[in-house]
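Report on the following structure.
The values are calculated or read from the model by the stated rules, or taken from the named source; none is laboratory data. A quick note: this is a predicted structure, and the numbers were derived from the prediction, not measured. Reconstructed Cβ throughout: ideal geometry from the backbone, glycine too, with neighbour counts over all protein chains shown.
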Amino acid sequence: MTSFFPVSSKSFSAKANLLLQDVSNKFNIKNCTFGARDDAARTYGSSGDRFFAAIWIIMYTNKCLMDQESLTQEKHLNDFPFRLNKELRCALHQGRDPKVRDIFLKAGRMINKALEIMKPKLYPTLYRGVKKFLFADEAYFIESGFFSATEDCDVALSFAEGQILLVVESMHGVKINDVVRPMYPREEEVLGLHGSTFKIIKTVDDPDEIRQAYPTNTPSKVIHVKQVKSWRNYLLVKKYRGWKQSAMTETKSFCNPY
Ligand SMILES: NC(=O)c1ccc[n+]([C@@H]2O[C@H](COP(=O)([O-])OP(=O)(O)OC[C@H]3O[C@@H](n4cnc5c(N)ncnc54)[C@H](O)[C@@H]3O)[C@@H](O)[C@H]2O)c1
């Protein structure tokens with residue numbers, strides 16, 4: 001089989017290139033992989049680990065519609081990055097199509113490696129806005145998908161749409177605009193590795209206190225969290241096995257294929 005891009009060995013580049021071919025063929029998204037390649041080439045030339053790392057990070061960041069016929073379930077959920085996060089979050093659900101899930105699990109591992117190649121920095125304060133948060137009552141949680149956060153609180157508040165603002169008091173991540181030419185410069189997005197563990201530090205749900213701190217786009221809840229070093233993940237998950245149980249019912253309905 002001919003390769004899309006020149007590679008020399010079974011390095012990260014070689015593996016990244018092979019998986020790009022796989023997703024390209026399986027989901028019929030050659031336009032996206034070639035577009036990502038062109039974007040990455042503007043900054044990184046057209047070979048080497050950083051070039052392929054940038055391609056995979058762009059694959060997470062850009063809208064990319066997959067051929068609906070390549071999906072056996074949830075055909076309408078066919079934007080590559082959104083589907084990637086869903087498959088990562090639902091990887092343990094028994095009803096998912098294993099062939100689709102497994103290629104996304106590979107893509108998730110590849111993007112994690114790509115982020116490591118771009119050398120994540122420690123950010124002291126980031127924000128993330130979500131409409132739903134399953135772990136509000138837990139001490140710790142693991143984000144199985146990629147953790148998109150921003151340095152700009154207003155951006156996070158707009159994503160929260162009046163629901164939940166996560167204030168991230170320290171997290172390692174890669175600033176997307178440092179990697180590739182600014183696509184959404186105002187988002188100031190910092191991307192954390194998938195599978196990161198967080199400790200919940202405190203929750204604020206007093207409406208007056210929240211309104212005073214966030215007078216526009218006021219969220220209903222503010223949850224302060226902090227990333228925990230990954231080598232502690234295993235011990236924490238063992239200790240706080242309960243988080244999984246309590247989130248299970250809601251995750252199950254979110255992950256039931258339809
Ligand atoms: N959210 C932000 O604050 C933020 C910040 C910067 C950039 N972005 C950009 O916006 C795009 C979308 O980001 P996002 O954070 O909304 O995407 P996402 O896939 O992380 O989350 C999408 C929505 O799904 C919900 N969700 C997540 N896990 C769930 C689960 N297990 N069960 C039920 N619901 C669940 C979340 O509440 C969230 O509102 C990303 O591509 C990113 O580039 C977002």
Would you mention how many residues in segment 35-47 are under 20 Å from the mean Cα position of the chain (by Cα) and within 16 Å of I117 (Cα to Cα)? 1
Cβ contacts < 6 Å: first residue assigned by TED's automatic domain parsing to the domain that holds G195 and without any contact (Cβ under 8 Å) to a residue 40 or more places away in the chain, restricted to segment 137-160; second residue within 8 Å of the ligand (Cβ to nearest atom) and among the acidic types (D, E), any location; separation 6+ or different chain. Result? E151/E188; D152/E188; V155/E187
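In this structure, is R232 modelled with pLDDT under 85, within 13 Å of the ligand (Cβ to nearest atom) and surrounded by fewer than 18 Cβ atoms within 10 Å (Cβ to Cβ)? Quick ask: steps written out before the conclusion?
Details: modelled with pLDDT under 85: yes; within 13 Å of the ligand (Cβ to nearest atom): no; surrounded by fewer than 18 Cβ atoms within 10 Å (Cβ to Cβ): yes.
When the stated conditions are applied, R232 does not pass them.
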Filter result (closer than 21 Å to V228 by Cβ, small (G, A, S) and within 8 Å of the ligand (Cβ to nearest atom)) within segment 126-155: S144, G145, S148, A149
Is there a residue in segment 115-122 that is of a type outside the set (D, E), assigned to a strand (DSSP E or B), surrounded by fewer than 17 Cβ atoms within 10 Å (Cβ to Cβ) and over 14 Å from the mean Cα position of the chain (by Cα)? yes
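May I ask you to verify whether L166 is of a type in the set (A, V, I, L, M, F, W, C), in contact (Cβ under 8 Å) with a residue 40 or more places away in the chain, more than 12 Å from the ligand (Cβ to nearest atom) and buried (at least 19 other Cβ atoms within 10 Å of the Cβ)?
On the way: of a type in the set (A, V, I, L, M, F, W, C): yes; in contact (Cβ under 8 Å) with a residue 40 or more places away in the chain: yes; more than 12 Å from the ligand (Cβ to nearest atom): no; buried (at least 19 other Cβ atoms within 10 Å of the Cβ): yes.
In short, no.
Name the residue, out of R89, R50, R96, that is within 17 Å of the chain's Cα centre (by Cα) and in contact (Cβ under 8 Å) with a residue 40 or more places away in the chain. Spell out the reasoning first.
Details: R50 fails: within 17 Å of the chain's Cα centre (by Cα); R96 fails: within 17 Å of the chain's Cα centre (by Cα).
Going through R89, R50, R96 in turn, just one is within 17 Å of the chain's Cα centre (by Cα) and in contact (Cβ under 8 Å) with a residue 40 or more places away in the chain: R89.
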Among (1) at pLDDT 95 or above; (2) within 13 Å of the ligand (Cβ to nearest atom); (3) within 20 Å of Y258 (Cα to Cα), N78 falls short only on (2)
Segment 201-219 residues that are in the same structural domain as F133 (by TED's automatic domain parsing), paired with ones that are surrounded by 13 or more Cβ atoms within 10 Å (Cβ to Cβ) and basic (K, R) (beta carbon under 9 Å, 6 or more apart): I201/K226; T203/K221; V204/K221; D205/K221; I210/K221
Conditions first: (1) part of a helix (DSSP H, G or I); (2) surrounded by 18 or more Cβ atoms within 10 Å (Cβ to Cβ); (3) at pLDDT below 95. T43 passes all but one, so which condition is the exception? (2)
For segment 58-71, enumerate the residues that are surrounded by fewer than 23 Cβ atoms within 10 Å (Cβ to Cβ) and modelled with pLDDT of 95 or more. L65, M66, D67, Q68, E69, S70, L71
Residue count for segment 178-189, restricted to those that are over 15 Å from the mean Cα position of the chain (by Cα) and either more than 11 Å from the ligand (Cβ to nearest atom) or at pLDDT 90 or above (or both): 6
Please determine whether any residue of segment 142-155 is among the hydrophobic types (A, V, I, L, M, F, W, C), over 29 Å from A40 (Cα atoms), in contact with a strand residue (DSSP E or B) (Cβ under 9 Å, 6 or more places away or on another chain) and modelled with pLDDT under 95. yes
